[in-house]
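Since the structure comes first, as structure tokens, the remarks are kept for the end.
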Amino acid sequence: MLYEKLHKIEQIMFDALALGLVLFYSYSAVLEPAATQYHRGIYIIITYMLVFMLYRTPTVWGRVWDYILIAASIGSIGYWIVNFEAINYRAGAETELDKWIAMVGVLIGVELARRVVGSVFVIIGAVMLLYGVYGEYAPEMISHAGDTFPDLCTSIFYKSDGVFGIMANVLATYIILFVIFGAFLERSGAQRFFIDFPLAAVGHKIGGPAKVSVIASGLFGSISGSAIANTVSTGAFTIPMMKKAGFRPHVAGGIEPAASIGGMFMPPIMGAGGFIMAELTGVPYSTIMLVAIFPALMYFFSVFVMVHYEAKRFNIVGEKSKESAKEILKKEWFYVLPLVIITIFMLLGYSPGYSAILGIVACIVVSWFRKGTRIDLKGFLEASRAGAESSLKIGATVGVIGIIIGVLTYSGLVLTFADIVIELADGKLWLTILLIALASLILGMGVPVTAAYLITAVVAVPALTELGVNPIAAHMIVYWLSQDSNITPPVCIAAFAGATIAKANMWKTAFTSFKFAKFLYLGPFLFGYVPGFSLDGTVKDIAVTFILILIGTYGYAWLLSGIWLDWFKKSPVKT
């Protein structure tokens, strides 16, 4: 663990900042919202400090450099916070100091992403900066006037669609609180229930352990906000169980990541994408949740059916649990309370942030039902630390995402990209969806999936809406496709994580995971061509749509499972 490598004083500083993050955003969500500059600026300044503390440079002089970067982060972001109104007032007539501060702020954001996310993301950011400066030399279709580096950085750092834009707002308003909620839920002991209950319910049936994997991933995945984290946490238990039951290693390793992806679509939390979707569309998050429920259930249903027939082909049956599902539910029902509370309050119209705080309080209360999981002051600090540390992986992307979206807006490419895509696809919706799938796959190879969704949505959603797709369905298409890099070769990190746990061949596991997750590619076409799939239509239309899609999903999963191929093997050959 990176935290353990810190010096004692640094650990105290890290804990103080993590606690400050939790308490400030809890206060802001429940009692009094902070002004824009404090709401976004404090999140970014603490994130930058925590990253440079945790993702350290190994040498002594390197550590000195880390602290210089921490000081520069405080200086540049602090300057934006203190001078927020003055900078907005003199927009277009920035001083020389404004420009220097902006350049420092932008470059620090690039270094931050390099440490946490990796070089590919940084290269994308660097290419976008070059495009912003030398846009006049780009091909005619995407060319623009270009600008000097200081002026471009000034636009990226100070304007509302740059570093402190939509990504910073979503991270500070929603994601940080839900990541912390996930840490508190895990600390309360609920994760064990999410495995024990499905194990007792379906573990002894055909393909039982794999079905446990699907259900547990649905329950835990919605909270974890990461398909990779979901694969590693639930997979550590379910993958060995699947192997023991008789599933081949690459199949056991492939089922878990395929199931884990579904957690990103499953309300109430849906990873981070649902919150970004609400922000981009202006639609209440409760509406996004309602639209997402049925498609998410169909995704899990398709994986479940394929798992069933895979097990049937090889006659794999799980072992009966010591306790019945009814007994476990009777003893541990309270672990679902935090999720129920969050869902109810969001559907009642309360803000996601307020609902998340109530969920955290519920986790603390629930933790006291068992002696071994009680969240006391020490437990509160540990959960806050775990939540803050988990948030850094997505938080570290904020600077480079600011560069990408800032340059896309600055250059006007956001407006022309839709026309380019429609022209390439010859106005055909199915081809447009395929092009978006390809773009998100390529982008997802070097960018976290949430960042891939936001970047792709900014440029691709206008193309889809222009072809007649309703805005929420258009965003769902992009969001679903942004997950494909988790399980689609050649990168597919979630599938590789499953392969590592299963001790299986990486590529066989990746292609198996790709096979089980095929509804990931059917879903976007249903969003595009079937309005009822995104609750667009009359009650009767939606009901008929749901029934037909349920039947169709079963047939689709049965066909992809390959069980029908066995009929040909069994049929006698005539001579």
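Within 10 Å of each candidate Cβ there may be at most 10 other Cβ atoms; applying that plus a DSSP loop requirement, which trypsin sites (Lys or Arg not before Pro) in the stretch 255-363 survive?
In loop regions of the stretch 255-363 (DSSP not H, G, I, E or B), the sparsely surrounded trypsin sites (Lys or Arg not before Pro) are LYS322.
What angle do you read, to the nearest 10 degrees and between 0 and 90, between the alpha-carbon axis of helix 149-158 and the longest principal axis of the chain?
So the inclination is approximately 60 degrees.
If you place +1 on the Cβ of every Lys and Arg, -1 on the Cβ of every Asp and Glu, and leave all else neutral, what size is the dipole of the chain about its Cα centre, to the nearest 20 Debye?
2940
Sorting check: for 334-343, 181-190, which peptide has the highest mean count of neighbouring beta carbons within 10 Å, and how do the rest follow?
My ranking of the peptides, most packed first, is 181-190, 334-343.
May I ask you to order 360-369, 138-147, 253-262 by the average number of other C-beta atoms within 10 Å around their residues, highest value first?
Values: 360-369: 20.0, 138-147: 13.0, 253-262: 33.0.
The most tightly packed comes first, giving 253-262, 360-369, 138-147.
Rounded to two decimal places and with Rh computed the Kirkwood way over Cα pairs, what is Rg over Rh for the stretch 1-78?
1.03
What does the charge count around ILE223 come to, taking other residues whose C-beta lies under 15 Å from its C-beta (Lys +1, Arg +1, Asp -1, Glu -1)?
+1
What is the total of Lys pairs in the stretch 216-342 with C-alpha atoms under 22 Å apart, excluding same-chain pairs fewer than 8 positions apart?
Within the stretch 216-342, the lysine pair count is 11.
For helix 471-482, what angle does its Cα long axis make with the longest principal axis of the chain, in degrees from 0 to 90 and rounded to 10?
Helix 471-482 sits at roughly 80 degrees to that axis.
Hey, what angle do you get for helix 398-411 against the long axis of the chain, alpha-carbon based, 0 to 90 degrees rounded to 10?
For helix 398-411, the angle is close to 70 degrees.
If you place +1 on the Cβ of every Lys and Arg, -1 on the Cβ of every Asp and Glu, and leave all else neutral, what size is the dipole of the stretch 25-181 about its Cα centre, to the nearest 20 Debye?
Dipole size: approximately 580 debye.
How would the stretch 434-476 be classified by its alpha-carbon gyration tensor: rounded, prolate or oblate, with rounded meaning a/c under 1.5 and the a/b versus b/c comparison settling the rest? Before the final figure, lay out the partial values.
Details: a/c = 2.74, a/b = 1.90, b/c = 1.44.
Prolate.
Return the equivalent ellipsoid semi-axes of the stretch 395-485 as a descending list in whole Å, where each equals the square root of 5 times an eigenvalue of the C-alpha gyration tensor.
Numbers: eigenvalues 85, 46, 24 Å².
Ellipsoid half-lengths, sorted descending, are 21, 15, 11 Å.
Using the reciprocal of the averaged 1/r over all distinct C-alpha pairs, how large is the Kirkwood radius of the stretch 185-329 in Å?
15.4
Kirkwood Rh, the stretch 30-115, all Cα pairs: how many Å?
With all distinct Cα pairs of the stretch 30-115 included, I get 14.0 Å.
Using a 1.4 Å probe, what is the accessible area per residue for the chain, in Å²?
Per-residue accessible area for the chain comes out at 42 Å².
I'd like the carbon and sulfur percentage of the solvent accessible area for the stretch 415-493, probe radius 1.4 Å, heavy atoms only, ligands and nucleic acids excluded.
Of all accessible area on the stretch 415-493, carbon and sulfur atoms account for 72 percent.
Taking only the alpha-carbon positions of the stretch 62-157 and ignoring solvent, what does the Debye formula give for the base-10 log of I(q)/I(0) at q = 0.22, 0.26 Å⁻¹?
Log10 I(q)/I(0), no solvent term: -1.15, -1.27.
Could you give me the percent of Cα pairs per 10 Å distance bin for the stretch 99-252, shortest bin first, beginning at zero and ending with the bin that holds the maximum distance?
Calculated over all Cα pairs of the stretch 99-252, the distribution is 10, 25, 21, 17, 16, 10, 1 percent.
Relative to the compact globular guide of 2.2 N^0.38 Å, what is the alpha carbon radius of gyration of the stretch 476-527, as a ratio?
On the way: Rg = 11.6 Å, N = 52, 2.2 N^0.38 = 9.9 Å.
Here the Cα radius of gyration is 1.17 times the empirical estimate.
Under a Cβ-Cβ cut-off of 15 Å, what is the net charge of the residues other than LEU415 that fall near it, where Lys and Arg count +1 and Asp and Glu count -1?
Here the count lands on -4.
Could you bin all the Cα-Cα distances of the stretch 311-423 into 10 Å bins starting at 0 and give me the percent of pairs in each, rounded to whole numbers?
11, 20, 22, 21, 16, 9, 0
With the Cα gyration tensor of the stretch 3-147 in hand, give its eigenvalues times 5 under a square root as the equivalent ellipsoid semi-axes, listed largest first in whole angstrom.
Numbers: eigenvalues 182, 102, 41 Å².
The three semi-axes for the stretch 3-147 are 30, 23, 14 Å.
What value, in deg cm²/dmol to 500, does the helix sum -39500 (n - 2.57) over DSSP H runs of n ≥ 4 give at 222 nm once divided by the residues of the chain?
Estimated from H runs of four or more residues: -24000 deg cm²/dmol.
Sorted from largest to smallest, which semi-axis lengths in Å does the alpha carbon gyration tensor of the stretch 458-558 give for its equivalent ellipsoid, taking the root of 5 times each eigenvalue?
For the stretch 458-558, the ellipsoid semi-axes come out as 31, 18, 8 Å.
Computing the accessible area with a 1.4 Å probe over protein heavy atoms, can you report the carbon and sulfur percentage for the stretch 20-109?
70
The values are calculated or read from the model by the stated rules, or taken from the named source; none is laboratory data. The model shown is predicted, which means the values in this text are computed figures rather than measured ones. Backbone-built Cβ (ideal geometry, glycine too); neighbour counts: all protein chains shown. Accessible surface areas use protein heavy atoms only, side chains included; no ligands, DNA or RNA. Shrake-Rupley method; radii C 1.70, N 1.55, O 1.52, S 1.80 Å.
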